[in-house]
Amino acid sequence: MGVPELTETSLSGEQTEGGGNKWYALHGKFVVTDKKAVALSTNFTNEKQLEVYLLYDEDNIIKNFRSKFDKIKDLFCSKQQVLPGSLYFKLPTQIQQEIKSIYERTKRINVKNYPPEVSPDAEIKKGFFLSPFEGRARTFLNIMIEQAEAFIFLSTERLFDDQVVSKLLSKAYMTDIPMKILTGHPRAVRQNPAKAEKMVADLMAAGVEFAIMDDIHAKFWLTEKYICVGSANIGKMNLGFSKTGNYWRANTETLWFDNNSKIISAAKDAFDKLFQGAKSGIVAFSDVGAKEKRAKDLFSLFGFRSKKEAKILMARIETQLSVQNRKNVIRIAKLSARLAEIENNRYITEENVIMANILFYLRERKHDFDEIREKMVKIVDKKKITDAIQKLQRQKYVTKEHEYYTINIERLLVREEQEPHLFKQKMG
């Protein structure tokens, strides 16, 4: 077990994850006896939280779990001349000196960086992995996201990781598969709750569904190909991250993967049930915090005090408008990329973006030139608007009826219909 009391390494460090960097030896959680093996997310505490577990009684799985227990014990606890654990002798001299210094002060084995030979990348297969020593948790999650074709369901105590958010956004932009995330409130990310909320808002704008639970501790990843139950939150230290020379910094996590279709189906049903019963969407994460205070301050400008319900509703309106604005920006970016792809351009040009902006407005309704100019003249000059409209007409993406311009959506999509995979492959 991990050291039960807080030490200086768990109270300090760069604030890159919710609670700061903690270079403790073990964050993994599992139980094995001669009769059963349990992969789970729970700590041995009496806190009332939503957890997840998979229970097995197959001899080969029990043997697998037992071997991981023995490996952890050997890595961190076996008796050695210098300090406990064989891990010490697998590391470069400089890191050994750092570990020894920390151990002499705290009696705690903390490793800040692992060389690549100790923290390799690995492919997913059914079985138990000790991260990062048998594969990096971040790589495993990336593989699951990349390979998913039917759905992606994620459960995590907190979501606060730029790289994973980028992966999910890319997947959302390029596919239409359902993506759902069950997580705690962004305000629980102590390091930067505002940034955590923006991550959620960006994902929602891309079509990812969210449900928020205040008492969630369950950590699992689910696609049609695999379920992973383990200890890793979707955070920088849990998943690990690269340092200079492909060295790796990470907590020690346990990850159990299974590709049994019956287990995946049962897990999917259970997830959907939990998801439907939780607070979801904008209502779930925008009814507290800074937005309420902004609503209060805004109402006060007009000489009024405000009821809590009014502040909550204004907070939701602000969030909804923010998400909708992000959706619109995504649509314009996607139209810009499509125009560049059709023209076989290597780069998206300013002209592509101007044309995409015009098409965005015309997808809503027909406009005359003055209406288009009025909406765009503050960001681009009139001549460029005129040139872009004329080019859209020449390419027959826009037609003019009397004084009004309308979009020829069929013409715009014909390239994609003829070569439906080309656009996604190029963007990928």
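All of the numbers you see were taken from the coordinates with simple rules; none came from a lab. All values reported here derive from a predicted model rather than from experimental measurement. Note that each Cβ is placed from the backbone with ideal geometry, even for glycine, and that neighbours are counted across all protein chains shown.
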So if each residue of separation counts as 0.36 nm, and I subtract the Cα-Cα distance between residue 215 and residue 106, what length gain in nm does that give?
36.0 nm
Hey, what number do you get for the chain at 222 nm if only DSSP H runs of n ≥ 4 count, each worth -39500 (n - 2.57), divided across all residues, to the nearest 500?
-14500 deg cm²/dmol
Between the range 171-191 and the range 339-405, the Cα center-to-center distance that results, in Å:
33 Å
With a 10 Å Cβ neighbour count serving as the proxy for reagent exposure, in which order, fewest first, do 139, 406 appear?
406, 139
What is the fewest-to-most order of 77, 228 by other Cβ atoms lying within 10 Å of their Cβ?
77, 228
I want to make sure I understand the PRE zone here: with the label point 7 angstrom from the Cα of residue 34 toward its beta carbon, which residues in the range 54-68 have backbone N atoms less than 19 Å away?
56-68
Calculate how steeply helix 308-342 sits against the longest principal axis of the alpha-carbon atoms of the chain, using the helix alpha-carbon long axis, and give the answer as 0 to 90 degrees to the nearest 10.
70 degrees
Which residues does a label at residue 246 reach in the range 86-109, if reach means a backbone N under 18 Å from a point 7 Å past the Cα toward the Cβ?
91-92
Which FRET efficiency, nearest 0.05, do residue 192 and residue 402 yield, Cβ-Cβ r, R0 45 Å?
0.30
Taking the beta-carbon count within 10 Å as an exposure proxy, list 347, 114, 226 from fewest neighbours to most.
347, 226, 114
Against the longest principal axis of the chain, how steep is helix 290-301, in degrees 0 to 90 to the nearest 10, with axes from Cα atoms?
40 degrees
What percent antiparallel are the DSSP beta bridges of the chain, to the nearest 5?
70 percent
Within 10 Å of each candidate Cβ there may be at most 15 other Cβ atoms; applying that plus a DSSP loop requirement, which GluC sites (Glu not before Pro) in the range 56-111 survive?
58
With eigenvalues of the C-alpha gyration tensor scaled by 5 and rooted, the chain, Å:
47, 26, 22
Residues whose placed amide H lies under 5 Å from that of residue 405, excluding near-sequence neighbours
367, 368
Suppose the chain between residue 79 and residue 146 were pulled fully straight at 0.36 nm per residue; how much longer would it get relative to their current alpha carbon spacing?
19.9 nm
Of 126/198; 100/236; 375/396; 198/391, which ones are farther than 30 Å apart at the Cα?
126/198; 198/391
Given H placed 1.01 Å from N in the peptide plane, which residues other than close sequence neighbours of residue 224 have an amide H under 5 Å from its amide H?
149, 150, 151
For the range 269-363, the Cα gyration tensor yields equivalent-ellipsoid semi-axes (√(5λ), largest first, whole Å) of 37, 22, 9
If you place +1 on the Cβ of every Lys and Arg, -1 on the Cβ of every Asp and Glu, and leave all else neutral, what size is the dipole of the range 8-285 about its Cα centre, to the nearest 20 Debye?
700 debye
Amide H contacts of residue 248 (H built 1.01 Å from N, under 5 Å, at least 5 apart or other chain)
114, 243
Does the range 341-405 come out rounded, prolate or oblate, given a ≥ b ≥ c as the square roots of the eigenvalues of its C-alpha gyration tensor, rounded meaning a/c under 1.5 and, failing that, prolate meaning a/b above b/c?
oblate
Using the Karplus curve 6.51 cos²θ - 1.76 cosθ + 1.60 with θ = phi - 60°, what ³J(HN,Hα) values do you get for each residue of the range 232-242, in whole Hz, with x for Gly and Pro?
8, 6, 8, x, 4, 6, 5, 7, x, 8, 7
Got a sec? Charge dipole of the range 325-427, +1 on Cβ for Lys and Arg, -1 for Asp and Glu; which of 345, 398, 361 is way out at the positive end?
345
Give a residue-ordered list of calculated ³J(HN,Hα) values for the range 43-51 (Karplus: 6.51 cos²θ - 1.76 cosθ + 1.60, θ = phi - 60°; whole Hz; x for Gly, Pro).
7, 8, 9, 9, 5, 8, 9, 6, 10
Would you mind classifying the range 324-368 by shape? Square roots of the alpha carbon gyration tensor eigenvalues, ordered a ≥ b ≥ c; an a/c under 1.5 is rounded, otherwise it is prolate if a/b is larger than b/c and oblate if not.
oblate
Rounded to whole Hz, the Karplus (6.51, -1.76, 1.60) HN-Hα couplings of the range 375-391, x for glycine and proline
6, 10, 5, 7, 10, 8, 6, 4, 4, 5, 5, 4, 4, 5, 5, 5, 5
Whether the range 202-305 is rounded, prolate or oblate, judged on the alpha carbon gyration tensor where a/c under 1.5 counts as rounded:
oblate
